Every structure is written in structure tokens, then in C-alpha cells.
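*Asks:* Here's a structure for you.
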Amino acid sequence: MRLELLGWYDRNKRDLPWRRIQDPYAIWVSEIMLQQTRVAAVIEKYNAFLGRFPTVRALASAHEQEVLALWSGLGYYRRARMLRRAAQSVVADLDGEIPRTSAELRGLPGIGSYTAAAIASIAHGEAIAVVDGNVERVLSRIRGWESNDAASETAVRRKVETLAATLVDPRRPGDFNQAMMELGATVCTPRNPQCLMCPLAHDCRTLGEHKTPKRAPMTTREVTCVLAVREGRTGRRILLEQRAETNTVMPGLWELPSCTEGDVVGLEPAMTARHSIMQVNYVVRVYAMAPKVVSGGTKGRTRRWIEAEEAGKMALTGLARKILTRAKLLPQPNANASFARSARPKYSEASR
């Protein structure tokens, strides 16, 4: 199985920027970004992030708002805060040397068993298995393990972890772990797996989709906000509002002022956008101007008129950045087309 999987990986692996290097810091950044996020969304952010913070010391000395600004669009901003905090710990306590073993890596803020194993195996060749949603799906299908509820799913997870630890190649553990994840992302997919292309098909007891517990259905929520723009001395200015630091969701980030239906009576929305966070699909109606909202304020929040050029460098929520980009108030993203064409999720249904 090892030989067949690694041979397949050598022939078919996607050309991704974090696979061209052995720098543990860069691999660490990629692993944190890829949590709960599609590969296609990560590539541009990864390159920009390392361009601005090329070393752990550069990240440790950065202002939090600057880190969040470069993270904007990836979501789950706690990851960025913990990454910066861990970098500060490495610099302050370890003289800038990132730990080499998975056990030591788990002592850093924001690094759990999965991330520690990924960094240690890929960057340092530690023979430790990495188990994410893709690996769990591949090995469950190979062994014919199914689950109907949370309890049986937990039992399957334990068996998968034991099997993965047995299978990991001690000579090429990093490549083996990436090969398992790659197989789940591109061939052994959640729906309609391409079994005829799978290098492990002859070992598989399932050959197709397997039974898993039903996931919570997506819900839909409607919200309204205001896109207020006026001309300043050096160009257009946008009204933005900062979320309170006490907010449990995206504290400290900047967004468009929210409003109620009563604030926009008689007005037609200038734009309608859709935005998904976790299990919620948001339908967002954007109004070009609402005098009640622009002249008022929101208790506990800071509101400012920001130059459009400056706004692009701020820690915006993903929704705010999406709306401002669509309104041509921010530069259009320039994703690497060759990566974007081949990028597919690297985690399971809900993440990579």
C-alpha cells in the first residue's frame, strides 16, 4: 500500500507552493491556513502572508491588526491570532527556534495533534501519522467502517488513528501523509469517488461512498447593511465600523454598518450578496446610503470614514471585503491561475 500510494502521489500530486519547501515556519503557516479552508482560497493569501512575514520573528513583531488584515477572507480569525501568539512564544521562549517534534510543537498556542504531526512529519521527517477528514474517509472505506451516529463515528475515528499509525511510511512520512490527504481530496472524494483511478482500489472493501452520520442542514439568514461612500480630498472614503473586542465572533474586525429594515424604508438595495459561515448561508442586502445609519452610531463600536486605499489594508471581515471588492472599491484579487485551476479541497466536506 505504501509503495502504490507514494508512486501515485509522485505522479499526480498538485503543484502547491508549500510543497516546494522544507521550511518548518512556512509549512506551519500553510497548515494553519488550510484548516477549515479550501486550497483555492489559501494560495494567494499564503503567498502574501509569507511575503509580508517571511520569518517567525517577523510575525512575532507584527501588529495584530496587520496580521488580521492579511488573513481577511480566510475566516476563523482566531487561527491568525493564535499563530501570532505562538510565534511570539517561539521568539521569547525558544530564541526563535521552532520545535522539531510533534510533542514539543503541541506546547505552542493553537497547535493541536493534527497540526503538530503535519509539521513534524513534513518538515522534519518524524514518522507520525496525520489524520484529517480526508484520511479518515479513505481508511474508513478501505476497511469498510461505517457510522450512523456520533458514538459510532468516534469509534471509527479511533480505529482510523490506529490504522494510520501502522501504515505511515517511516522513510517518507511527510510524503505519505500528504499522499493520503491528496487521495481523499482528489480521488476518494465525499461524493462520487473515482474508484477506477484509485491506487488502493484493490484493497478497498467499500468501492464507493460509505455511510456517515447526517450533518446539520444549512440554514439561511437575511441581513442588511449600508455601503456609504463619499468623496474625500484624496479619493473616495468608505464608512466602516469596528466590531467590539468583546465580541465572541471576529472581535476587532472592520465591517460595513448594519441596519434594520426600518432604516431603509423606501430604498432599493444596491446589491445583494450571499455569504456562508459555518452552517449558515447569509443573504445580504446592501444599501448604497441610509441617512439614519450614516448619521447615527452603534453602541460599543468605533465608526470611521476610511480612505478606500487604506480600507484594503485593514482587517476587514470576509463579507465586507467581498462587498467592497464587488463594488470596485478595493483592488481585484490576482489569484495564480495555474493553482486556481487545479485547486481542490484538501480536508473533508466542511474544510479542505
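The values are calculated or read from the model by the stated rules, or taken from the named source; none is laboratory data. The shown structure was predicted, so the numbers you read here are calculated from the model rather than taken from an experiment. Here the Cβ positions follow ideal geometry from the backbone for every residue, glycine too, while neighbour counts run over all protein chains shown.
*Asks:* Select, from SER30, SER72, the only residue that is of a type outside the set (D, E, K, R), more than 24 Å from SER121 (Cα to Cα) and either surrounded by 19 or more Cβ atoms within 10 Å (Cβ to Cβ) or within 10 Å of the chain's Cα centre (by Cα) (or both).
*Replies:* None of the other options fit; the residue is SER72.
*Asks:* With respect to PRO213, determine if the residue is over 30 Å from ASP23 (Cβ atoms) and outside the structural domain of ALA315 (by TED's automatic domain parsing).
*Replies:* So PRO213 fits the description; yes.
*Asks:* Here is a further query. Kindly evaluate ARG84 against the criterion of being assigned to a helix (DSSP H, G or I) and either of a type outside the set (A, V, I, L, M) or surrounded by fewer than 19 Cβ atoms within 10 Å (Cβ to Cβ) (or both).
*Replies:* Here the answer is yes, as ARG84 does meet what is asked.
*Asks:* Considering each of ALA155, ALA120 in turn, give the residue that is in contact with a Ser or Thr (Cβ under 8 Å, 6 or more places away or on another chain) and either buried (at least 22 other Cβ atoms within 10 Å of the Cβ) or of a type in the set (S, T, N, Q) (or both).
*Replies:* Just a single option satisfies the conditions, and that option is ALA120.
*Asks:* Give me a count of the residues in region 240-290 that are small (Gly, Ala, Ser) and within 21 Å of the chain's Cα centre (by Cα).
*Replies:* The qualifying residues number 3.
*Asks:* Looking at region 36-55 only, could you name the residues that are closer than 18 Å to THR115 by Cα and surrounded by fewer than 21 Cβ atoms within 10 Å (Cβ to Cβ)?
*Replies:* GLN36, ARG38
*Asks:* Please indicate, with yes or no, whether at least one residue in region 181-200 is aliphatic (A, V, I, L, M), in a loop (DSSP other than H, G, I, E, B) and touching a residue at least 40 places away in the same chain (Cβ under 8 Å).
*Replies:* Within region 181-200, one or more residues are aliphatic (A, V, I, L, M), in a loop (DSSP other than H, G, I, E, B) and touching a residue at least 40 places away in the same chain (Cβ under 8 Å).
*Asks:* I need the strands (runs of 3 or more DSSP E) fully contained in region 224-281, keeping only those with at least 1 residues that are hydroxyl-bearing (Ser, Thr, Tyr) and either surrounded by fewer than 17 Cβ atoms within 10 Å (Cβ to Cβ) or out of contact with any Leu (no Cβ under 8 Å at 6 or more places or on another chain) (or both).
*Replies:* It comes to 271-277.
*Asks:* Okay, next question. Please specify each residue of region 34-64 satisfying the condition of being at pLDDT 90 or above, part of a helix (DSSP H, G or I) and small (Gly, Ala, Ser).
*Replies:* Answer for region 34-64, where residues must be at pLDDT 90 or above, part of a helix (DSSP H, G or I) and small (Gly, Ala, Ser): ALA48, GLY51, ALA58, ALA60.
*Asks:* Same structure again: Determine which member of the set GLY208, GLY133 is outside the structural domain of ARG274 (by TED's automatic domain parsing), buried (at least 16 other Cβ atoms within 10 Å of the Cβ) and touching a helix residue (DSSP H, G or I) at 6+ places or on another chain (Cβ under 8 Å).
*Replies:* Just a single option satisfies the conditions, and that option is GLY133.
*Asks:* Let me ask another. Among the residues of region 70-80, is there at least one that is modelled with pLDDT of 95 or more and assigned to a helix (DSSP H, G or I)? Full working, then the answer.
*Replies:* Here is the first cut: in region 70-80, the ones modelled with pLDDT of 95 or more are none.
Taking every residue of region 70-80 in turn, none turns out to be modelled with pLDDT of 95 or more and assigned to a helix (DSSP H, G or I).
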